[in-house]
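Engineer: Have a look at the structure that comes next, please.
The values are calculated or read from the model by the stated rules, or taken from the named source; none is laboratory data. Predicted model, so just to flag it, every value in this text is computed and none were measured. Note: ideal-geometry Cβ built from the backbone for every residue, glycine included; neighbour counts use all protein chains shown. Side chains are part of the model used for accessible areas, which takes the heavy atoms of the whole protein and leaves out ligands, DNA and RNA. Shrake-Rupley method; radii C 1.70, N 1.55, O 1.52, S 1.80 Å.
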Amino acid sequence: MQSAGLTILARAVSIAGHPAILLPLATWLALVLHAPGERSVLSIVAIPAAIAVLGVVYTLVQVRRGRWAHVDASGKQERRDLNRLLGFALPVAALIAWLVGARIQVSIALLVAAGVVLLGAGLARWIKLSLHVAFAVFAAALLWPAWPWVACGLLLAGLVAWSRLALARHTPIEVVLGFPVGALAGVAFQLAAHVLA
């Protein structure tokens, strides 16, 4: 049994490493690093941030209504509901980003994020993939080739993995599988961005 202090730290890391926080933050940082002259950085980041807010609001409403036990969406039905919402909302957001003239990388990142969510949903019968870890690794990959930032992102992904285990939200294999899924998403993003940009 772990101490209350470690549990509090694990919760803080899990919240800080939540996909709803990391994806908009990594999108913003990637644009600042790779497109410093971009005048519409905040408006571009508003699209993934809006999806994050939508997911958080949906989660809070479900908990408040008593349909979900916790905001982590750890139950099978909770996760299924959230995956459906995000599996629809992320591609719609990618289309909106493209229509408003955002950099193509934003649309690609949103489509790849939808792919991660759909992969997690597809695997749900056998395993509860840690989307926290997958998205933390994906967020780090968005920062490529800025190595210091990528390294910080991967360090955060390691801390997120620890937090998900410490909070007993996932088994070790579910957390470990998040790393290659996030890395694959990162490679898919980089390849697509290189080809389409």
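Engineer: Here is a check on your reading of the model: is A183 part of a helix (DSSP H, G or I), small (G, A, S), open to solvent by 20 Å² or more (accessible area, probe 1.4 Å) and touching a Lys or Arg at 6+ places or on another chain (Cβ under 8 Å)? Walk me through how you get there before you give the answer.
Structural biologist: Values: part of a helix (DSSP H, G or I): yes; small (G, A, S): yes; open to solvent by 20 Å² or more (accessible area, probe 1.4 Å): yes; touching a Lys or Arg at 6+ places or on another chain (Cβ under 8 Å): no.
No: the conditions fail for A183.
Engineer: Further question on the same structure: Determine if the range 76-86 includes at least one residue that is part of a helix (DSSP H, G or I), closer than 16 Å to P24 by Cα and either without any contact (Cβ under 8 Å) to a residue 12 or more places away in the chain or open to solvent by less than 40 Å² (accessible area, probe 1.4 Å) (or both). Break it down into steps so the answer makes sense when it comes.
Structural biologist: Kept after step one, since they are part of a helix (DSSP H, G or I), are these residues of the range 76-86: 76-86.
Those still in the list that are closer than 16 Å to P24 by Cα too: 86.
Next, from what is left, pick out any that are either without any contact (Cβ under 8 Å) to a residue 12 or more places away in the chain or open to solvent by less than 40 Å² (accessible area, probe 1.4 Å) (or both): 86.
Yes, the conditions are met somewhere in the range 76-86.
Engineer: Here's another thing I want to ask about it. Please go through (1) in contact (Cβ under 8 Å) with a residue 40 or more places away in the chain; (2) more than 30 Å from A192 (Cα to Cα) for R65 and return the number of the only condition it doesn't satisfy.
Structural biologist: (1)
Engineer: Using beta carbons and a limit of 9 Å, which pairs, at least six apart or on different chains, have the first residue in the range 14-31 and open to solvent by less than 50 Å² (accessible area, probe 1.4 Å) and the second one among the charged types (D, E, K, R) and modelled with pLDDT of 90 or more?
Structural biologist: From residues that are open to solvent by less than 50 Å² (accessible area, probe 1.4 Å), the pairs are S14/R164; S14/R169; G17/R164.
Engineer: Consider A94 carefully, then state whether it is part of a helix (DSSP H, G or I), modelled with pLDDT of 90 or more and on the phi < 0 side of the Ramachandran plot. Talk me through it step by step, then tell me what you get.
Structural biologist: On the way: part of a helix (DSSP H, G or I): yes; modelled with pLDDT of 90 or more: yes; on the phi < 0 side of the Ramachandran plot: yes.
For A94, the condition - part of a helix (DSSP H, G or I), modelled with pLDDT of 90 or more and on the phi < 0 side of the Ramachandran plot - is met.
Engineer: Please go through the range 90-104 and pick out each residue that is buried (at least 20 other Cβ atoms within 10 Å of the Cβ) and touching a residue at least 24 places away in the same chain (Cβ under 8 Å). Full working, then the answer.
Structural biologist: Step one: filter the range 90-104 for residues buried (at least 20 other Cβ atoms within 10 Å of the Cβ), giving 90, 93-94, 97, 102-103.
Listed by number, the residues that qualify are L90, A93, A97, A102, R103.
Engineer: Based on this model, can you work out whether H132 counts as in contact (Cβ under 8 Å) with a residue 40 or more places away in the chain, outside any helix (DSSP H, G or I) and within 24 Å of Q2 (Cβ to Cβ)?
Structural biologist: Working: in contact (Cβ under 8 Å) with a residue 40 or more places away in the chain: yes; outside any helix (DSSP H, G or I): no; within 24 Å of Q2 (Cβ to Cβ): yes.
No: the conditions fail for H132.
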